[in-house]
Amino acid sequence: MLDIARIRADTPSADDQIFLMSAGSSLMPQPVIKAMQAYLDLEERMGGYKAYESEEQRIASGYDSAAALIGARPDEIAFMESATAAWQMAFYSMPFEAGDIVLTSEAEYGANYVALLQLRRRLGIEIQVVPSDEAGEIDLDALRRMITPRVRLISLTWIPTNGGLTNPAAEVGRLARDHGIAYLLDACQAVGQLPVDVQTLGCDMLSATGRKFLRGPRGTGFLYVRKGFISRLEPHTIDHFSALWVDRDRFELRDDARRYETWESNYVARAGLIAAMDYALNIGMGNIAIRCSALANRLRDGLAELPGVQVYDLGRNPSAIVSFTVGARPAEEIVTLAGEARIVIGTTPPSSTRLDAERRHLPALIRASPHYFNTQEEIDKTLDFFRAL
């Protein structure tokens, strides 16, 4: 059971607003804030180098925390400044050649898809989009039929930024493993919301952010690369941390995932990310997932009953992202009105998931994303707000 009273006490900024925007950038709990403040105080007193030396063990513990969070090994983790940076590091290190095929889904995130387009233009790779099934999830039968010897990568967004969808990531992983195809999973909206086990998922690479459901600071994230897969990859950029300069004309890449890191890092933000991961682990991802689902379903079901409100969520097991419209009123107008009522929600534009938006003829959607620190009373007050519009 979650100790909601303690969690709310750790989140004082939740007291004067109904914050439903954790899919964008969530509220950091006090232990995260204090961890960053403490590290910043050290840098003020000692300078950056000495501060790091004094906290080196604590910073190093972050690899253990991230590994525990996703069922990985510490040497399979690299810290990045965002999920996008992590995804890019993995994707651009793939040894693509002209004619190689990348399979993706209709829910692929915009930042990922433009990278696919760039390598199609630069290298001549081929992008093939796997259709969705009747529930809106990636169609596993179609995926199976589309696998050929030319397929080099399956790129999947597990939980897209819109539509409430949770794609069957583990089932995709089994297909990828069965056919020996590299599998890159965007878990940006999943880590911190759902239990994550890379062994079950079967992914070779996974990207995650700190600022969303994990409740860490902006400018943080991490990359997982499977130990047995990393030797196939070479980062598109390196420095003397990711690679040892062993001779005048020769370097050697690190043999762990930290070959994707650089020597310089924002350790203040890293301290916050570590505290956020430990906070989530202490609560328990199973507990978090149950509460997120219950609150999101309460909101989703309530909105679906309101006249003029249309909910656009897909999938057999919807996530804690609730996407909807209110009549023909612009999403931004509704967000502004909600803000005046101290209800924090956001929008998701068609360009973020263009393939899905074009397939379903979606306008800009209103997006609400409750998290475990929210209460049923807040959900009901939000429903009352929309009922009164």
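The values are calculated or read from the model by the stated rules, or taken from the named source; none is laboratory data. Quick caveat, the model's predicted, so the values are computed rather than measured. Cβ placement follows ideal geometry from the backbone for every residue including glycine, while neighbour counts extend to all protein chains displayed.
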>> Take Ala107 and tell me if it is surrounded by fewer than 22 Cβ atoms within 10 Å (Cβ to Cβ), of a type outside the set (Asp, Glu) and modelled with pLDDT of 95 or more.
In response: no
> Is it true that some residue in the range 141-149 is surrounded by fewer than 24 Cβ atoms within 10 Å (Cβ to Cβ), free of Cβ contacts under 8 Å to residues at least 24 places away in the same chain and assigned to a loop (DSSP other than H, G, I, E, B)?
Replying inline: yes
> Which one is farthest from the chain's Cα centre (by Cα) among residues in the range 61-92 that are within 11 Å of Phe222 (Cα to Cα) and of a type in the set (Asp, Glu)?
Replying inline: Glu76
>> Between Arg359, Arg354, Arg387, Arg367, which is basic (Lys, Arg) and either closer than 19 Å to Lys212 by Cβ or without any contact (Cβ under 8 Å) to a residue 40 or more places away in the chain (or both)?
In response: Arg367
>> Residue under question is Gln199, and the condition is that it be under 24 Å from Val32 (Cβ atoms) and at pLDDT 95 or above; does it hold?
In response: no
>> Given the criterion more than 19 Å from Ile283 (Cα to Cα) and in a helix (DSSP H, G or I), identify the matching residue among Ser25, Ser54.
In response: Ser54
> Residues that are in the same structural domain as Ala72 (by TED's automatic domain parsing) and touching a residue at least 24 places away in the same chain (Cβ under 8 Å): which strands (runs of 3 or more DSSP E) entirely in the range 199-262 hold 2 or more of them?
Replying inline: 205-209, 221-225
> Which of the following residues is crowded, with 20+ Cβ neighbours inside 10 Å, without any contact (Cβ under 8 Å) to a residue 60 or more places away in the chain, of a type outside the set (Phe, Trp, Tyr) and under 30 Å from Ala9 (Cβ atoms): Ala338, Ala320, Ala331?
Replying inline: Ala338
